[in-house]
Amino acid sequence: MIVPRKMTLQLTPLLDLLLIVIFAQYLEVQETQVVVEKNAAAALVERDEAVAAMTQMEERLQFAEANLEETLERERIVAKLLSELFEIPDQDIEKILRRQLSSGVLSDVDLENLKERIRQLSDEKSNQIVSHLLAYEEIRKRCDVWNIHVTPQNYLTLTSDNTTLRMQFPRDLSTDFAQQDFINRFIELAHTLPEPKSLVILMLTYESESTEGDLEPVQEALPQITVRLNFESAGRSRYDYADLGMRIE
C-alpha cells in the first residue's frame, strides 16, 4: 500500500510577491495620474491664455473698427466740404486774391503761387486733399491761433476757438505811454483766454473800411506784444504773429 505524500505550500512568499505586484501597479497608476493632472493643468493654462488672447484681439478689433468708422465719417464730411469748396468760380477766386494784392499783403509772386496752388488742389485726388486737411487739423491740435480783428471804430476782437473778447483802443498810440498802456491792456485780455498750447500764432486781420490810422497802432504794437508774451510764458509757450491783411467777408 502506497502512502500518499503530503504537500505543503509556503503562502508567505506568495503573499509577499502579490503585495509587491499590487504596490508596483499602484505606483504606476499614481504616476499616470500625476502626468494626467499635469497635462490637464497645462491644457487649462493654454486655454486661459488663448481666451485672453482672443479677448484682447477682439478689443483691438473693436477699437480699430471704431477708429475706422470715425475716420471714414470725418473724411466723408471733409469730402463733402471739398466738393462745395471747389465749386467756387475762378473769377471769384481771382477777385478775392486781387483784393489781397491791393491791400499789400500779397506780392505778385505770392498771388501767382496761390493761384497755382488752388489749381493744383482742384486737380488733385480727393484723398490727397483730405490728407492735407487732416494734417492741418493735427497741427491745430498742437497749436493755438488767436485771431485779432480790427474794426474802423477802433475796436478789436481777440478770438480763440469758441472764445471771443473785445476791447477798444485809442486812435493815437504815438506816445510811448499810450502804446505801453495798450500793450498792457491787450496782454491782460489775452490772459483771460484758455490755457494756450505750446505754440500760439496771432493772426491780424481788418475790415475793408479800416484806414491806415486804424491799423498802424495795432500793427506797430503786435511785435512788442509777442515779445512780452514770450517773456512771460518762460518757455511754456512760444508766440509768433502774422498780418493776414483784409478779411474777406
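The values are calculated or read from the model by the stated rules, or taken from the named source; none is laboratory data. Not measured: the values here are computed from a predicted model. Here the Cβ is made from the backbone with ideal geometry for all residues, glycine too, and neighbour counts use every protein chain on show.
In segment 177-225, the qualifying residues are those that are aromatic (Phe, Trp, Tyr) and touching a strand residue (DSSP E or B) at 6+ places or on another chain (Cβ under 8 Å), and the one that is farthest from Arg247 (Cα to Cα) is Phe186.
Within segment 198-249, the set of residues being farther than 20 Å from Asn184 by Cα and of a type in the set (Phe, Trp, Tyr) comprises just one member, Tyr206. Select from segment 222-247 the residues that are under 17 Å from Ile148 (Cβ atoms) and of a type in the set (Asp, Glu) and write down the one among them that is modelled with the lowest pLDDT. The selected residue is Asp243. Each residue in segment 222-249 was checked for being surrounded by 15 or more Cβ atoms within 10 Å (Cβ to Cβ), under 29 Å from the mean Cα position of the chain (by Cα), of a type in the set (A, V, I, L, M, F, W, C) and part of a strand (DSSP E or B), and 1 of them qualify. The number of residues in segment 172-194 being at pLDDT 85 or above and either surrounded by 15 or more Cβ atoms within 10 Å (Cβ to Cβ) or more than 16 Å from Phe231 (Cα to Cα) (or both) comes to 10.
Quick one: in segment 195-221, of everything that is at pLDDT 85 or above and of a type in the set (D, E, K, R), which residue is surrounded by the fewest Cβ atoms within 10 Å (Cβ to Cβ)? Going through the qualifying residues, I end up with Glu195. Phe23 - would you say it is at pLDDT below 70 and either surrounded by 10 or more Cβ atoms within 10 Å (Cβ to Cβ) or closer than 30 Å to Glu116 by Cβ (or both)? Here the answer is no, as Phe23 does not meet what is asked. One residue alone among Leu133, Leu156, Leu165 is closer than 21 Å to Leu199 by Cβ and assigned to a strand (DSSP E or B), and that residue is Leu165.
What are the residues in segment 185-208 that are of a type in the set (S, T, N, Q) and in contact with a helix residue (DSSP H, G or I) (Cβ under 9 Å, 6 or more places away or on another chain), if any?
Ser198, Ser208
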